[in-house]
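The values are calculated or read from the model by the stated rules, or taken from the named source; none is laboratory data. Remember, it's a predicted structure, so these values are computed and weren't measured experimentally. Cβ atoms come from the backbone with ideal geometry, glycine included; neighbour counts cover every protein chain shown. Only protein heavy atoms, including side chains, enter the accessible area calculation; ligands, DNA and RNA are left aside. Shrake-Rupley method; radii C 1.70, N 1.55, O 1.52, S 1.80 Å.
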Amino acid sequence: MALALTLSAQSCKKGQVEEPPAPMEDTVPEAEAPRVNEDSLRAEVERQARMDEAAKAIEQQLTHVYEQVHEAYCNSPVGESIDLDGLYCTDDWLQTIDAVRVKDTARQDQPFTDTDYWVMDREVEGAITVTDIVIDSLDLDEGTARASLLLHNGKKEQPLWLDLLLVEDTWRIDGFTQLLPDTFVWKVSMRDYLEGKGKYQEPSQQNVKARHRHRGRGAGRKRK
């Protein structure tokens, strides 16, 4: 009994109570904690900003181009023409279409250019406008892009793909692809025509999917 009283007195000496040991914290020392690479993060933010700026520039350019298409086909005085190809297309497109027109002159029975690629029809049905411009792909390192849009020729609608190249800080059209009723890649078809292979191709699976996607776009909703 004397031993028990002695231990109790020592435990309570000067009002001190023995604290239990603090639990160990499950933390990583500051020196070992993973750090975000600020340079990489900054570079990614800047790259995305450039992508957004380029996409906006392409959309603005295509809107302007088709305003000029409307001007050329609907509002220009008789006898006045606007060189849409020279203003808005690449040199490669110009060389290819010029070669096609030379060949068309020599064989008027089955010319290639029986449809106008600017309005995607044999004639103008009314106001030329575009809606639903979407930048489907964009490579700033290569200076290439593809945009999809809906071309309105009066009441007619035609979904298109436009291939673009960055030429001296300006996005220029390098190719037209008509998606309905059949896929028609103009530049590929023109080269086939020049080589005597005909001008129509079987649609690729990718283009078939794109046609279905465009058939469903805007269904049941009002377009601007």
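Of everything listed in (1) more than 14 Å from the chain's Cα centre (by Cα); (2) open to solvent by 50 Å² or more (accessible area, probe 1.4 Å), the single unmet condition for T183 is (2). Scanning region 103-116 for residues that are surrounded by 10 or more Cβ atoms within 10 Å (Cβ to Cβ) and not in a loop (DSSP other than H, G, I, E, B), which turns out nearest to the chain's Cα centre (by Cα)? Going through the qualifying residues, I end up with D116.
Can you confirm whether region 134-149 contains a residue that is aliphatic (A, V, I, L, M) and over 20 Å from the mean Cα position of the chain (by Cα)? No: zero hits. With the structure loaded, tell me whether S76 is open to solvent by 60 Å² or more (accessible area, probe 1.4 Å) and not aliphatic (A, V, I, L, M) or whether it fails that test. It is false that S76 is open to solvent by 60 Å² or more (accessible area, probe 1.4 Å) and not aliphatic (A, V, I, L, M). Of the strands (runs of 3 or more DSSP E) lying entirely inside region 124-168, those carrying at least 1 residues that are at positive phi and open to solvent by 20 Å² or more (accessible area, probe 1.4 Å) are 128-139. Test P111 against the stated conditions and say whether it is of a type outside the set (S, T, N, Q), closer than 23 Å to S81 by Cβ, at pLDDT below 95 and in contact with an Asp or Glu (Cβ under 9 Å, 6 or more places away or on another chain). It is true that P111 is of a type outside the set (S, T, N, Q), closer than 23 Å to S81 by Cβ, at pLDDT below 95 and in contact with an Asp or Glu (Cβ under 9 Å, 6 or more places away or on another chain).
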